[in-house]
Amino acid sequence: MSSEKKQEKEGLIEFYASYRELFEFFCNNTTIHGAIRLVCSRNNRMKTAFWLVLFLVTFGLLYWQFGLLFGQYFSYPVSITVNVNSDKLLFPAVTVCTLNPYRYPAILKELDLLDRETEMTLFSLYKYNVSGVQGRVPRNRERREAKEPIIFPLEKIPVGESLHRKARNVVPEDDVVEVKQRAFNFGFKLCNETKGDCFYKTYSSGVDAIREWYRFRYINILATVNDHGDASGEQLENFIYACRFNEEHCLKDGNFSHFHHPIYGNCYTFNHNRSESETWTSSMPGMKNGLTLVLRTEQHDYIPLLSSVAGARVMVHGHREPAFMGEGGFNIQPGVETSIGMKKETISRLGGVYSDCTEDGSDIDVQDLFNSAYTQQVCVRSCFQAVMVERCGCAYAFYPLPAGAEFCDLNKHKSWGHCYYKLDAEFSSDELGCFTKCRKPCMVTDYKLNAGYSRWPTKVSENWVLQTLSKSNISKREEVAKLNIYFEEMNYKTIEESAAINMEMLLSLMGSQWSLWFGSSVLSVIELLELIFDIVAIGAIILAHRYLTKNNKSVEEAGRAPRTDAYYGQTEQQNTQTPHNAPSHGQMRVVADITPPPAYESLDLRSIGGGSSRNSSLRSHISYREEGGWRGE
């Protein structure tokens, strides 16, 4: 009785006897809606088929929705959050440049020679006769040096002619170029060291061609100066006459840093690379709480072929960022008061898999030559300079000098112009890969600028204002300009990126879809996983059982056949060697070894009978031969 109870008691781990039993149990007990219909309507095959199809279609739609959700999740979308904050703001750095390089005494001789070559070019192309670009070259010396060959002469080039054509001299003196004539372009020829690869740097405008040709020659002159700072002969007070910030005097050397730009001349940066405690801040909006500068804009003794505009160059940028005046600056007019209202905006991007941005540029394989905070422009210019040094053997004068390199100079690097202009074309089309390497920073601070202009000084106040500035030899309003930079409001905008679909939201959306199609919960999913596990387990048990059964049968068959053949082969051999009249105890011994013991119903000696032992042994031997399937001759 106790043994029967033990057998009826459920075991710790049990599996179903068949797949049918497994599915019936699942459909009867699961919390998934619709599954029970597959069992309760089994007597009606049409209903069973209908609910089976409906169940499978619903299941497919569910996982199609899951696929869409996972596709959106792994595309890593972001959502934008815009916040408006109000607080005391750090005033940005402001860089102002003279807009035109000065004729520095250190390179005055080279500039005079370049001016004479420019006069010769202007006369050859346009019959424009001058006594010196700045009135420095005597006529007799010009005639004496006019026959000297010009390096990289500016030429008139027919439109559509091959860039690799044969070089020719400047236009003959009797060939006058019409201003409106479109049949010719203007340019100069550049070749590599072997003269095997040449091309023309051409322009449709003669003004642009002359300015670019002059700029190219001017860069070579700057390369002869060891440090661009040595070329600076201008003092801060000669360019900035007055400086006030938040109604305080700020014209001090400690508030300004200086650098020289090859095209825009001497540049001075206010509030740059200062400690946080020394950085100027604004706590109130308005013009009086900002920066006010009075700048000198006279053009006497400047170089007109490098810049044909008057005024000053201005750029607003971050405290730790360098000023790229050509890309981000703007000009202000002389005799005009320019007011710039600012609004601060901060952009915070998500890094990692959400966007291709970098935190500080440390993960980018480009050396920062500007020693400043990371910006995309800093990385791109550093990348170009590195490739320039690698392929051309010298550095471009507009960017910082890498360690161990030198600036390009025609006296040392005859073909650097050919290399540079080709490299610049590859750089613009991103064939160098600099824009691909240099990713956007994850944190960017930008300043939105609004400009307003007014005449300054007015006709009424012009006399006393110029009289006040008379100590600086200012006699005309076109020689000065006023600049106001301030915050329009203390509110600033913060734009932040956040993950549009994170893991919590993904699980929530999946749960919503599961509830929509099946009206169940997470436990229902576990039930489904349990069903899958049971199916796999039963399948594995069946396969293992079949495999073991097959192996056991093969082992039994392989184990019986060899023993029987070998034994009876040995018995036959013994029988052939033993004479018929030999004693029978040997035969009895062999037969007894292979015959199983008889199954007696009783141990009574009377049941044995009185037959001879030989007859009993023969009967046992015959019985064994029939059961073992041994075939006699």
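Miscellaneous remarks
- For the residue pairs LYS343/LYS482; LYS109/LYS414; LYS88/LYS448; LYS156/LYS189; LYS344/LYS437, the alpha carbons lie more than 19 Å apart in LYS343/LYS482; LYS109/LYS414; LYS344/LYS437.
- Solvent-free Debye scattering, log10 I(q)/I(0), computed from the Cα coordinates of segment 477-544 at q = 0.16 Å⁻¹: -0.83
- Sequence-separation-based contact order of segment 10-96, relative, with Cα cut under 8 Å and 6+ spacing, percent: 12
- Alpha carbon centroid spacing (whole Å) that separates segment 18-58 from segment 417-447: 64
- Under-5 Å amide H pairs with GLU406, H placed in peptide plane, nonlocal only: ALA395
- Net charge over other residues, Cβ less than 12 angstrom from the Cβ of THR292 (K, R count +1; D, E count -1): 0
- For SER307, the shell of other residues with beta-carbons less than 12 Å away shows a net charge of +3, using +1 for Lys and Arg and -1 for Asp and Glu.
- For segment 308-439, relative contact order (Cα pairs under 8 Å, six or more residues apart, normalised by length) works out to 19 percent.
- Highest average packing first - 549-557, 68-76, 252-260, 303-311, Cβ atoms within 10 Å: 303-311, 252-260, 68-76, 549-557
- Over all orientations, segment 388-526 has a Cα convex hull whose mean projected area works out to 21.8 square nanometres.
- Other residues within the sphere of radius under 13 Å centred on the Cβ of GLY318, judged by their own Cβ, net out at 0 (K and R +1, D and E -1).
- Label positions at GLN72 and SER515, each projected 7 Å from the Cα along the C-beta direction, are separated by 1.6 nm.
- Cα extents for segment 446-514 along the principal axes, largest to smallest and rounded to whole angstrom: 84, 21, 19.
- Alpha-carbon centroids, segment 488-538 and segment 331-402: separation in whole Å: 41
No lab work stands behind these numbers, since they all come straight from the coordinates. Quantities reported herein were computed from a predicted structural model and do not represent experimental measurements. Positions of Cβ are generated from backbone atoms using ideal geometry, with glycine treated the same way; all protein chains shown enter the neighbour counts.
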